[in-house]
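Right, one structure below, let's go through it.
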Amino acid sequence: MSNEPSQLIPAERALEIVLGDAIANGVEHVTLQEANGRVLGEDLASRRTQPPFDASAMDGYAVQQQDLDTLPSSLKIVGHSRAGEPFGGTLKSGEAVRIFTGAVVPEGADSIIIQENTRADESTVTILQGIVPGKFIRKAGLDFMEGEVLLNMGDILTPYRIALAASMDHARLCVVRKPLVSLISTGDELVMPGETTGAGQIIASNTFGLGASIRNTGANLLDLGIVADTREALRDALMEAISKQSDLIVTTGGASVGDHDLVLPVAKELGFEFELTKIAVRPGKPFLYGKLKVDERFIRLAGLAGNPVSSLVAYNVFVKPLIQIMGGKSPETVQMRNAVLGRDMPENDERAEYMRATLTLGKAGELVATAFDKQDSSMLANLVRADCLLYRPVKAAAEKAGQPCQVVIIE
Ligand code: AMP
Ligand code: MG
């Protein structure tokens, strides 16, 4: 039994409902090679001090400052220190150790003289120019200390952070498990690009736009393809998504209340309980959000409208932040920017509207958003041509060109 709301829910409230009890997935361990772009699942402390010893930053000679009072000063070369092969002994007054970048500064040395400021033969080096003590020595711990927490839970593992984690001596990293998102494209009229279309058929585009978006959000995609508008076909597809332990099922099409709109009734038969069925947004009014509890965890379902623009806009507003939370990221809710209207706008009704619009720069450097004439939610080329979505709040009054408005930039 369920008692899903049948009235229009405002977009802000709908977002609260969708994100309300969303939590990050559990963690798993991956190698550094597999960590790129993943989300760190724990605070990470260094297992080492870096550099672990005082190291030379230059090629030259390790010496004692007290031998440099009068220059030139000739010193006996008593050994070598190379990266990975330290000089074993202790340097005494009157002595120098030939040293290279990255090598351990020998015991007893306090200065590095770069080789350009010396003259040397096999056994003796003549220091021609002095140096402030300590220059060209990287002190142990210059970069970081053992035990220091340098990366935090929730950090996205960028290449630089992966390099740092490696330097901290972590071979494997604890990361948040990627959400598994199943995608089901419903519609008898749908045909894959490149296939033969029959009468009344169109190409499935949402499948690809949403699939790419889901992957870009950091989820694993299980694309269950095109599913016919029959209860059996839809039930099979939903059951496959459930059995594969999807964290989220995204459907397109069949989300409103027509005779062929089966997502709500079939998902309810399978036990999903719905918290949203319609939201006060254009495009994207039919929007289903429900949950099925399986073994103490939820499988969530977001049923998007079939119209391409509706599905992509609803994805960005509602589904993307949900997937981000499940993936351990902070949710990027859609950000509004201030602009001014490029043309007069009529009064708006009870649905907030995201209108496809161009952006230009006005005389004072302000953004000017000019809505296209045609706003049909089936028009993908229009969406791609647009620079932004011009937001019109619920019941916005008629407004003149030049008046302030808000836009969502399309990246
Ligand atoms: P529906 O929500 O199923 O009533 O579909 C609304 C409109 O979107 C119809 O014109 C469908 O043909 C179209 N549509 C549905 N699914 C897709 C899809 N995957 N790709 C492109 N258009 C679609
Ligand atoms: Mg349909």
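The values are calculated or read from the model by the stated rules, or taken from the named source; none is laboratory data. This one's a predicted model, so the numbers in the text were calculated from it and none came from an experiment. We place every Cβ from the backbone using ideal geometry, glycine too, and count neighbours over all the protein chains shown.
Within region 198-239, the set of residues being polar (S, T, N, Q) and away from ligand 1 (no atom under 15 Å from the Cβ) comprises N216, T217, N220.
Is it the case that some residue within region 143-162 is in contact with a helix residue (DSSP H, G or I) (Cβ under 8 Å, 6 or more places away or on another chain) and part of a helix (DSSP H, G or I)? Checking region 143-162: at least one residue is in contact with a helix residue (DSSP H, G or I) (Cβ under 8 Å, 6 or more places away or on another chain) and part of a helix (DSSP H, G or I).
Residues that are free of Cβ contacts under 8 Å to residues at least 40 places away in the same chain and either buried (at least 16 other Cβ atoms within 10 Å of the Cβ) or farther than 20 Å from A305 by Cα (or both) within region 376-406 comprise R385, A386, D387, listed in sequence order.
Return the only residue of I137, I131, I156 being surrounded by 13 or more Cβ atoms within 10 Å (Cβ to Cβ), over 44 Å from the mean Cα position of the chain (by Cα) and β-branched (V, I, T).
Working: I137 fails: over 44 Å from the mean Cα position of the chain (by Cα); I156 fails: over 44 Å from the mean Cα position of the chain (by Cα).
I131 is the lone residue from the list that is surrounded by 13 or more Cβ atoms within 10 Å (Cβ to Cβ), over 44 Å from the mean Cα position of the chain (by Cα) and β-branched (V, I, T).
Checked against (1) of a type outside the set (A, V, I, L, M); (2) closer than 18 Å to V181 by Cα; (3) within 16 Å of ligand 1 (Cβ to nearest atom), G328 passes all but condition (3). Against the list (1) at pLDDT below 95; (2) in contact with a strand residue (DSSP E or B) (Cβ under 8 Å, 6 or more places away or on another chain); (3) assigned to a loop (DSSP other than H, G, I, E, B), the condition S246 fails is (1). Across region 203-221, the qualifying residues are those that are among the small types (G, A, S) and part of a helix (DSSP H, G or I), and the one among them that is nearest to the chain's Cα centre (by Cα) is S213.
Kindly indicate whether D247 is within 15 Å of ligand 2 (Cβ to nearest atom), among the acidic types (D, E) and in contact (Cβ under 8 Å) with a residue 60 or more places away in the chain.
On the way: within 15 Å of ligand 2 (Cβ to nearest atom): no; among the acidic types (D, E): yes; in contact (Cβ under 8 Å) with a residue 60 or more places away in the chain: yes.
In short, no.
So how many residues does region 108-123 have that are surrounded by 13 or more Cβ atoms within 10 Å (Cβ to Cβ) and either over 12 Å from A62 (Cα atoms) or among the small types (G, A, S) (or both)?
Narrowing region 108-123 to residues surrounded by 13 or more Cβ atoms within 10 Å (Cβ to Cβ): 108-115, 117-118, 120.
Keeping just the survivors that are either over 12 Å from A62 (Cα atoms) or among the small types (G, A, S) (or both) gives 108-109, 111, 117, 120.
Residues that pass the stated criteria total 5.
Number of residues in region 266-283 that are within 14 Å of ligand 1 (Cβ to nearest atom) and free of Cβ contacts under 8 Å to residues at least 60 places away in the same chain equals 1. Taking the criterion of being away from ligand 2 (no atom under 16 Å from the Cβ) and closer than 30 Å to K395 by Cα, would at least one residue in region 202-219 satisfy it? Checked region 202-219: no residue is away from ligand 2 (no atom under 16 Å from the Cβ) and closer than 30 Å to K395 by Cα.
When G284, G303 are checked against the criterion of being assigned to a loop (DSSP other than H, G, I, E, B) and buried (at least 22 other Cβ atoms within 10 Å of the Cβ), a single residue qualifies: G284.
If you check G225 against the conditions, is it free of Cβ contacts under 8 Å to residues at least 60 places away in the same chain, closer than 30 Å to N36 by Cβ and within 16 Å of ligand 2 (Cβ to nearest atom)?
Yes; evaluated as a whole, the condition is true for this residue.
For first residues located in region 118-135 and over 12 Å from P72 (Cα atoms), partners that are in a loop (DSSP other than H, G, I, E, B) and lie 6+ apart or on another chain with Cβ distances below 6 Å form the pairs P133/D110.
Matching residues to (1) more than 16 Å from ligand 2 (Cβ to nearest atom); (2) part of a loop (DSSP other than H, G, I, E, B); (3) in contact with a Phe, Trp or Tyr (Cβ under 9 Å, 6 or more places away or on another chain):
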| position | (1), (2), (3) |
| --- | --- |
| I325 | yes, no, no |
| P331 | yes, yes, no |
| N348 | yes, yes, no |
| A357 | yes, no, yes |
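If the condition is being within 15 Å of ligand 2 (Cβ to nearest atom) and at pLDDT below 95, then region 256-282 contributes S256, V257, G258, D259, H260, D261. Select from region 77-98 the residues that are touching a Gly at 6+ places or on another chain (Cβ under 6 Å) and in a strand (DSSP E or B) and write down the one among them that is nearest to L128 (Cα to Cα). Ranking the candidates gives V97 first. Selection of region 240-262 for residues being within 10 Å of ligand 1 (Cβ to nearest atom) and small (G, A, S) yields G253, G254, A255, S256, G258. Given the criteria within 26 Å of the chain's Cα centre (by Cα), assigned to a loop (DSSP other than H, G, I, E, B), on the phi > 0 side of the Ramachandran plot and not basic (K, R), does G194 qualify? Criteria not met by G194.
For the structure I just gave you, tell me whether F144 is within 16 Å of ligand 1 (Cβ to nearest atom), among the aromatic types (F, W, Y) and in contact (Cβ under 8 Å) with a residue 12 or more places away in the chain. Show your work before the answer.
Numbers: within 16 Å of ligand 1 (Cβ to nearest atom): no; among the aromatic types (F, W, Y): yes; in contact (Cβ under 8 Å) with a residue 12 or more places away in the chain: yes.
The answer is no for F144.
Note on region 388-403: residues that are out of contact with any helix residue (DSSP H, G or I) (no Cβ under 9 Å at 6 or more places or on another chain) and either of a type outside the set (A, V, I, L, M, F, W, C) or outside any loop (DSSP other than H, G, I, E, B) (or both) amount to 10.
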